[in-house]
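Each reported figure results from applying straightforward, stated rules to the coordinates on display, with no laboratory input. Owing to the predicted nature of the structure, the values given are computational and were not obtained by experimental measurement. Ideal geometry is used to build each Cβ from the backbone, glycine not excepted, and the neighbour counts take in all protein chains shown.
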Amino acid sequence: AQSVAQPEDQVNVAEGNPLTVKCTYSVSGNPYLFWYVQYPNRGLQFLLKYITGDNLVKGSYGFEAEFNKSQTSFHLKKPSALVSDSALYFCAVRDVDTGFQKLVFGTGTRLLVSP
Amino acid sequence: DTGVSQDPRHKITKRGQNVTFRCDPISEHNRLYWYRQTLGQGPEFLTYFQNEAQLEKSRLLSDRFSAERPKGSFSTLEIQRTEQGDSAMYLCASSRTGGRNYEQYFGPGTRLTVT
């Protein structure tokens, strides 16, 4: 069965500092991996995805993520955090080899960027 | 594109009543998904349509839940005999098929409160 773990409920970072939000996954086959962001009272917004190819993927708003197959991780990163990055971040996985389309999400990590 | 829309945005109902939610996907997307999100959790997959065919259903989708997509465009999710445990945010998402367009785009959600 697919699963995603986001080990940190909350990450605190000062504006201008680099940020990392951690994600590890478990699938029986090959993964497609995604990061979404959720602002209060709004739906999820797609940030970036890993399908195949380069392990470092770049997405919206300066975010990037690194796929590490041996560690089954897909950590979200940004070189310089902004206060406006404060939101709830979700990692999700799809097990490609099952043929199923569903995404399995982690429990989310709240990012707080202080001025 | 105009994005995924959901109606209503909020619904308060009494236990035992039936409720129906509507989702309009992005116009060129032929895949449509329903998820449920409770407080402090990530979205949980409920069901998935490709055009009008319902291809995946979660075990979370009890017999009180039914989803339809009669013409392969908008979808409805009905909950019969609502229970307090049904209180959640119901999210709809859509995606394309083919190419490398694997990400799902989410609507703003319908927040259901069962009293």
DSSP beta bridges in chain A: the antiparallel percent, rounded to 5, is 85 percent
Could you tell me what percent of the DSSP beta bridges with both partners in the protein assembly as shown are antiparallel, to the nearest 5?
90 percent
Report, as an integer, the average count of C-beta atoms from other chains found within 10 Å of each Cβ along A:98-107.
6
Positive end of the charge dipole of chain B (Lys, Arg +1 and Asp, Glu -1 on Cβ, about the Cα centre): tell me which of B:GLN17, B:PRO43, B:SER94 has its Cα farthest that way.
B:GLN17
In nanometres, what is the gap between the two model label sites at A:SER3 and B:ARG96, each 7 Å from Cα along Cα-to-Cβ?
3.5 nm
State to the nearest 20 debye the size of the charge dipole of chain B about its Cα centre, where the only charges are +1 on K and R beta carbons and -1 on D and E beta carbons.
260 debye
If I model a spin label at B:ASP63 and A:GLN10 as a point 7 Å from the Cα along the Cα→Cβ vector, what separation in nanometres do I get?
4.4 nm
Förster radius 22 Å - calculated FRET efficiency between B:GLN41 and A:TYR61 (Cβ-Cβ, nearest 0.05)
0.35
Gap separating the Cα centres of segment B:15-75 and segment B:80-115, nearest whole Å:
6 Å
